[in-house]
1. Using only Cα atoms, find the angle between the long axis of helix 349-359 and the longest principal axis of the chain, and express it within 0 to 90 degrees, rounded to the nearest 10.
2. Which value, in debye to the nearest 20, gives the size of the charge dipole of the range 183-254 about its Cα centre, when Lys and Arg are +1 and Asp and Glu are -1 at the Cβ?
3. What does DSSP give for the chain in terms of the percent of beta bridges that are antiparallel, rounded to the nearest 5?
4. Using the charge dipole of the chain (Lys, Arg: +1 at Cβ; Asp, Glu: -1 at Cβ; taken about the Cα centre), state which of 45, 73, 21 has its Cα farthest towards the positive end.
5. Put 98, 296, 444 in order of accessible area, largest first, 1.4 Å probe: what do you get?
6. How much of the accessible area of the range 245-328, probe 1.4 Å, is carbon plus sulfur, in whole percent?
7. Quick check: with the 1.4 Å probe, what order do 419, 319 take by accessible area, largest first?
8. Quick check for you: with a 1.4 Å probe and neighbouring chains kept, what is the accessible area per residue of the chain, in Å²?
Amino acid sequence: MRVCVIGTGYVGLVTGVCLSHIGHHVICIDNNEEKVKLMKSGQSPIYEPGLSELMHGCMEAGRLEFTSDLAAGVDHGEILFIAVGTPALPNGESDTRYVEAVARGIGENLNGGYKVIVNKSTVPIGSGDWVRMIVMDGLAKREDSPADVEFDVVSNPEFLREGSAVYDTFNPDRIVLGSNNDKAITMMQELYKPLVDRKFGDDQSLPPVPVVVTDLNSAEMIKYAANAFLATKISFINEVANICDRVGADVTQVAAGIGLDSRIGNKFLQAGIGWGGSCFPKDVLALIHTATDYNYETELLNAAVDVNKRQRLIAVEKLQQELKILKGKTIGLLGLTFKPDTDDMRDAPALIIIEQLNRLGAKIKAYDPIVSQSGLSHGLSNVIIETDAEMLADSCDALVLVTDWKEFLSLDYGKMSQLMANPVIIDGRNFLDRSKLEMAGFHYVGIGR
């Protein structure tokens, strides 16, 4: 099928590349000329495991193109994906101006024939009808508006995890399609058939991927509800961890015990320094804002947000308990990104930790496998970026594990402890082996342990 993906952020680029890999002819559109030039040269503008290799293969096969020409993309695609950002405004509302601009641009460039316009961006509930209206507005402005234009809007939320986005695309838990039009749903089912049949999945013997067909509003709500539930589950186990700290229990054992209950499950029960990134904070606030618009107070979601804000300060509190005064002390951060296997710093807990340590007068050093390699400061103020973990440890009064990068399991902690002024480590993700760290000479402090 012929596909156009408008917007080449995490969702758009991964979607475009993966749809091309399963056999469709995809044109990806972005209005950033430098970014388009980079992608045309075969380089991915984001770090995502496996993505660059797929990009190269699809481009060489002639099924993947990049351009800033929206008209060419709209003309090419039977299915047009809107995959631009919807960042949170200060009041929690989603900023939909980029979606609006794209929808209007689609209307201004639609030619004859039937098109399916897909909301892949995470948009406020009710945006399907709104996008249709904006496309119609774009059409109405044209003097040469073709008479045979026909289109439908589908909501197709994404459930990709940064760092595992390619895997998640080929091995989805479900595919959600929201529309009231059977023709549009049929085309989307044809588009996704190779994924539904698991032809590109890791385990092709599994049953077909469930396809959930709903109305537009329900599909949009599914996305928000899923992320809000997962964020709340993390806040719950962090609340339990804080109680464990006070009563002498170990939250890792508690999580293992409750996770065996099939009604609860063991995922998203890792206590630590809270959730961040581009999805959970934005989507939870957007759902709260939507509820407020309809005169409903989301007490549970508000509490989940408040717990998460407090949790980000836990690492600093534990540093104060161990070192007392932080002014003049050197603190080393292991990891900066909000999660491993990504270069994304959006709403990363590290940013709050850095802000608080700066306020308290500490000297801050950091090592992150991706950020340290990139040579970029990522806007971090008063942070010395080291190029390896041993340079990070040198002369530090304490280390804080912020991001659970796999490589941090195999560092030479014996050597690192000898390089430090005071071998203390705060494991902000309960990720490291306490006994190994203690044998290496560290005083180990976990979260809720």
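1. Rounded to the nearest ten degrees, it is 50.
2. Values: 7 positive and 9 negative charges, 42 e Å.
The dipole of the range 183-254 has a size of about 200 debye.
3. If I count the DSSP bridges inside the chain, around 5 percent turn out antiparallel.
4. 45
5. My answer, sorted largest first, is 296, 98, 444.
6. Roughly 55 percent of what the probe reaches on the range 245-328 is carbon or sulfur.
7. Details: 419 60, 319 0 Å².
Order by accessible area, largest first: 419, 319.
8. That works out to 44 Å² for each residue.
The values are calculated or read from the model by the stated rules, or taken from the named source; none is laboratory data. Since we're looking at a predicted model, the values are computed, not measured. All Cβ positions, even for glycine, are placed from backbone atoms using ideal geometry, and neighbour counts span all protein chains on display. Surface areas here come from the heavy atoms of the whole protein model, side chains and all, with no ligands, DNA or RNA. Shrake-Rupley method; radii C 1.70, N 1.55, O 1.52, S 1.80 Å.
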